[in-house]
Amino acid sequence: VNEFELIARFFTRPSRERAGVGDDCALIDAGDATLAITTDMLLAGRHFLPEADPAAVGHKALAVNLSDLAAAGARPRCFFLALALPAADAAWLDAFSRGLLALADRFGCELIGGDTTRAPPPGPLTICITAIGDVPREAVRTRGGALAGDDLWVSGEVGDAALALAAQAGEAALPAAHLAAVRRRLDWPQPRVELGVRLRGLASAAIDVSDGLLGDVGHLVERSGVGALIDWDAVPRSPALRTQPVGRQQDCALAGGDDYELAFTAPPAARAAVLQAAAGCRKPVAVTRIGTMTTTRELVVLDASGAKVETTRHPYDHFAR
Ligand code: ADP
Ligand code: MG
């Protein structure tokens, strides 16, 4: 069974809550507010190299959780930190905690608990964060609200993190400036928290792009019971990615993963408001219309000539390889 079949078969149960297994966050009504709760685990050797900059690891461990909160339109409130450490390495912990808490402070997200345990050496060192945010009850947003006819949007640019991994593996050659830029995207992802909040009431559905644009839009399509038609030429790519052969551009941008951008849908009438929401962020974020939601229940990518784009890489699945 693959990762998503495994979750569906063994861990999906009827839920009383607003959203649960199968969405970016669980959504739990609590008075006038709805709490958005998400958890993500990072393992050394799986999600980051054991020799990676610990400050970046701390940053990313929280960033991937804040990215799920952003999808739900929630404002980060607090988080739990669970660690399994093969050794108590003070230098590593010092840098890790600085990276982690700098991001937490940026979003006013307080560390309120956790658990610390020794992993039998050699590990792997494991970090698990559970983040909690809140959103007004009437503004909750899931992966499931897209309607046929809605526009499909994506924030920022996609594919750079995958390109950084390809460069690291010696599969892609990049000039130093481009290499530094894509490595930054891989190691220091910037969760689109403010955009997520500003899209309250505008976006009909959203998901954060963590496993590759197609795979994640695929989840959104499935939960919404619609289809999507994506225009490949509109998919936003960085100057670094655009220097690559088109096949690699498509693999990285469509199936790459680790982008932590938001893919979201909104009715065409909201176009100007969506652009305004993105431009109004303290640090303005680009948003690009990349397609349309359809009634077909299929996810199709077309290039400028009208030919179907097929990627050779599959969206990220922990048990597929
Ligand atoms: P995301 O990339 O947004 O963090 P994932 O792809 O990791 O989401 O997980 C897909 C969905 O399955 C999420 O709703 C997540 O909460 C749920 N999920 C993953 N693993 C489990 C599990 N072991 N038990 C219950 N739910 C799970
Ligand atoms: Mg997610």
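The values are calculated or read from the model by the stated rules, or taken from the named source; none is laboratory data. A quick note: this is a predicted structure, and the numbers were derived from the prediction, not measured. Positions of Cβ are backbone-derived with ideal geometry, glycine not excepted, and every protein chain shown enters the neighbour counts. To get the accessible areas, we keep the full protein, side chains included, count just its heavy atoms, and leave off ligands, DNA and RNA. Shrake-Rupley method; radii C 1.70, N 1.55, O 1.52, S 1.80 Å.
Residue count for the stretch 18-29 satisfying the condition of being farther than 20 Å from Asp216 by Cα and without any contact (Cβ under 8 Å) to a residue 60 or more places away in the chain: 1.
From the list Val193, Val197, the one residue that fits, being more than 15 Å from ligand 2 (Cβ to nearest atom), more than 17 Å from Ala255 (Cβ to Cβ) and touching a Gly at 6+ places or on another chain (Cβ under 9 Å), is Val197.
Here's the yes/no breakdown for (1) crowded, with 21+ Cβ neighbours inside 10 Å; (2) without any contact (Cβ under 8 Å) to a residue 60 or more places away in the chain; (3) within 16 Å of ligand 2 (Cβ to nearest atom):
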| site | (1), (2), (3) |
| --- | --- |
| Thr39 | no, no, yes |
| Glu51 | no, yes, no |
| His59 | yes, no, no |
| Arg77 | no, yes, no |
| Asp89 | no, yes, no |
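Every test in (1) out of contact with any His (no Cβ under 9 Å at 6 or more places or on another chain); (2) closer than 19 Å to Asp258 by Cα; (3) aliphatic (A, V, I, L, M); (4) within 13 Å of ligand 1 (Cβ to nearest atom) is passed by Met41 save one, and that test is (1). Residues that are of a type in the set (Lys, Arg) and either in contact with a Phe, Trp or Tyr (Cβ under 7 Å, 6 or more places away or on another chain) or closer than 23 Å to Pro54 by Cβ (or both) were ranked within the stretch 184-199; the one that is least open to solvent (accessible area, probe 1.4 Å) is Arg185. Screening the stretch 117-225 for strands (runs of 3 or more DSSP E) wholly inside it with 2 or more residues that are of a type in the set (Val, Ile, Thr) and within 16 Å of ligand 1 (Cβ to nearest atom) returns the ranges 126-136, 205-209. Checking each residue in the stretch 99-116 for being touching a residue at least 40 places away in the same chain (Cβ under 8 Å) and in a loop (DSSP other than H, G, I, E, B) picks out Phe107, Cys109.
Under the condition of being among the β-branched types (Val, Ile, Thr) and within 14 Å of ligand 2 (Cβ to nearest atom), which residue from the stretch 1-37 is surrounded by the most Cβ atoms within 10 Å (Cβ to Cβ)? For the stretch 1-37, the residue satisfying everything is Ile37. Screening the candidates Leu202, Leu220, Leu213 for the property of being of a type outside the set (Phe, Trp, Tyr), closer than 21 Å to Arg18 by Cβ and open to solvent by less than 30 Å² (accessible area, probe 1.4 Å) yields one hit, Leu220.
From Glu110, Glu171, Glu138, Glu157, grab the single residue that is open to solvent by 40 Å² or more (accessible area, probe 1.4 Å) and within 16 Å of the chain's Cα centre (by Cα). Break it down into steps so the answer makes sense when it comes.
Details: Glu110 fails: within 16 Å of the chain's Cα centre (by Cα); Glu171 fails: within 16 Å of the chain's Cα centre (by Cα); Glu138 fails: within 16 Å of the chain's Cα centre (by Cα).
Result of the check over Glu110, Glu171, Glu138, Glu157: Glu157.
Only a single criterion out of (1) at pLDDT 95 or above; (2) on the phi > 0 side of the Ramachandran plot is not satisfied by Gly22, namely (1). Here Ser15 fits the description: of a type in the set (S, T, N, Q) and free of Cβ contacts under 8 Å to residues at least 24 places away in the same chain.
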